[in-house]
Amino acid sequence: MASQTVELLKEELPVEQQPLYLSSDIKTGLVLVDLVNGFCTVGAGNLAPREPDEQISISKMVEETVRLSKLFSEKKWPIFAFLDCHHPDVPEPPYPPHCIAGTDEANLVPDLQWLEDEPNATLRQKDCIDGFLGSIEKDGSNVFIDWVKNNQIKQVLVVGICTDICVLDFVSSALSARNRGFLSTLENVIVYPQACATFDLPLHVARNNKDVVAHPQELMHHIGLYLARGRGAKIASEVLFD
Ligand SMILES: [Zn+2]
């Protein structure tokens, strides 16, 4: 898609952003959405980038997420990481098989694997798009709700992939749950675009393959943020620590 067109659409769909200042006065939790190889590591699987991708793996998302995770861990602030993970016999339409349990696709990216031993981090495997629904246990309890409650979290900072899919669905559900009183301590859900990304499937590629739909990366990332904001999320232009 021509970058001029993207710029015009961004003007038509503005996403208001503000700097986020974090301090220990407001209990903040960091939510990582699907920082797994199957989505972030070049060549790792059906839904991984096929070549180095600036938005996903080279400069932005993973690096920013690692930076934030280290700062949260130093401060002993809570971290919650969703990991997409599927049983080999249970497909997830419309997607091809991905992040199958027991494969490296379902593991955290190498730079975040230390979270597995991080006492302040809660890891949650999910076999659906929406991590909020993926947090429901067989007995009806919800691991994410319990995490917010047990840590008395007032705001969550959400990062990860894909901005317009798993991040958006989780944010939308968390906001609805908050509005219904399921997350009594939670005031704000904040999305940080620089640590979010989505995949790229340009129109000229989609045209040659009738099984796929075009998904222009920069525009869909923007639309994900626009919709998240429309649901009531705040969008952080930068994240600063006291
Ligand atoms: Zn999945």
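Miscellaneous remarks
- Figure legend. Inter-residue proximity from region 101-126: first residues among the charged types (D, E, K, R), second residues at pLDDT below 95 and within 16 Å of the ligand (Cβ to nearest atom), beta-carbon distance below 8 Å, spacing 6+ or different chains. Indicated pairs: Asp104/Ala44; Glu105/Ala44; Glu105/Gly45; Glu105/Ala48.
- Test: residue in region 98-105 that is more than 16 Å from the ligand (Cβ to nearest atom), among the β-branched types (Val, Ile, Thr) and within 21 Å of Asn37 (Cβ to Cβ): no
- Strands (runs of 3 or more DSSP E) (entirely within region 112-198) containing at least 2 residues that are within 16 Å of the ligand (Cβ to nearest atom), within 19 Å of His222 (Cα to Cα) and within 16 Å of the chain's Cα centre (by Cα): 155-161
- Contacts under 9 angstrom Cβ, first residue in region 135-147 being in contact (Cβ under 8 Å) with a residue 60 or more places away in the chain, partner part of a loop (DSSP other than H, G, I, E, B) and among the polar types (S, T, N, Q), 6 or more apart: Phe144/Ser135; Trp147/Ser135
- With respect to being more than 24 Å from Asp164 (Cα to Cα), in contact (Cβ under 8 Å) with a residue 40 or more places away in the chain and either in contact with a strand residue (DSSP E or B) (Cβ under 7 Å, 6 or more places away or on another chain) or away from the ligand (no atom under 13 Å from the Cβ) (or both), Ala81 falls outside the description.
- Scanning region 200-233 for residues that are in contact with a strand residue (DSSP E or B) (Cβ under 8 Å, 6 or more places away or on another chain), modelled with pLDDT of 95 or more and surrounded by fewer than 18 Cβ atoms within 10 Å (Cβ to Cβ) turns up just one, Gly232.
- A single member of Leu20, Leu32 is out of contact with any helix residue (DSSP H, G or I) (no Cβ under 7 Å at 6 or more places or on another chain), more than 13 Å from the ligand (Cβ to nearest atom) and part of a strand (DSSP E or B), and it is Leu20.
- Pairs with Cβ under 6 Å, 6+ apart, first in region 165-188 and farther than 17 Å from Ile153 by Cα and surrounded by 14 or more Cβ atoms within 10 Å (Cβ to Cβ), second at pLDDT below 95 and aromatic (Phe, Trp, Tyr): none
- Failed condition for Thr65, given (1) within 16 Å of the ligand (Cβ to nearest atom); (2) touching a residue at least 24 places away in the same chain (Cβ under 8 Å): (1)
- Inside region 149-199, residues that are of a type in the set (Phe, Trp, Tyr), farther than 25 Å from Leu240 by Cα and at pLDDT 95 or above make up a count of 1.
- Considering residues of region 66-80 that are of a type outside the set (D, E, K, R) and not in a strand (DSSP E or B) only, the residue surrounded by the fewest Cβ atoms within 10 Å (Cβ to Cβ): Leu71
- Every residue from region 203-242 that is β-branched (Val, Ile, Thr) and touching a residue at least 40 places away in the same chain (Cβ under 8 Å): Ile223, Ile235, Val239
- Within region 45-65, the presence of a residue that is over 16 Å from the mean Cα position of the chain (by Cα), modelled with pLDDT of 95 or more and part of a loop (DSSP other than H, G, I, E, B) is excluded.
The values are calculated or read from the model by the stated rules, or taken from the named source; none is laboratory data. On a predicted model such as this, the values are computed, not experimentally measured, just so you know. FYI the Cβ positions are ideal-geometry reconstructions off the backbone, even for glycines, and counts take in every protein chain you see.
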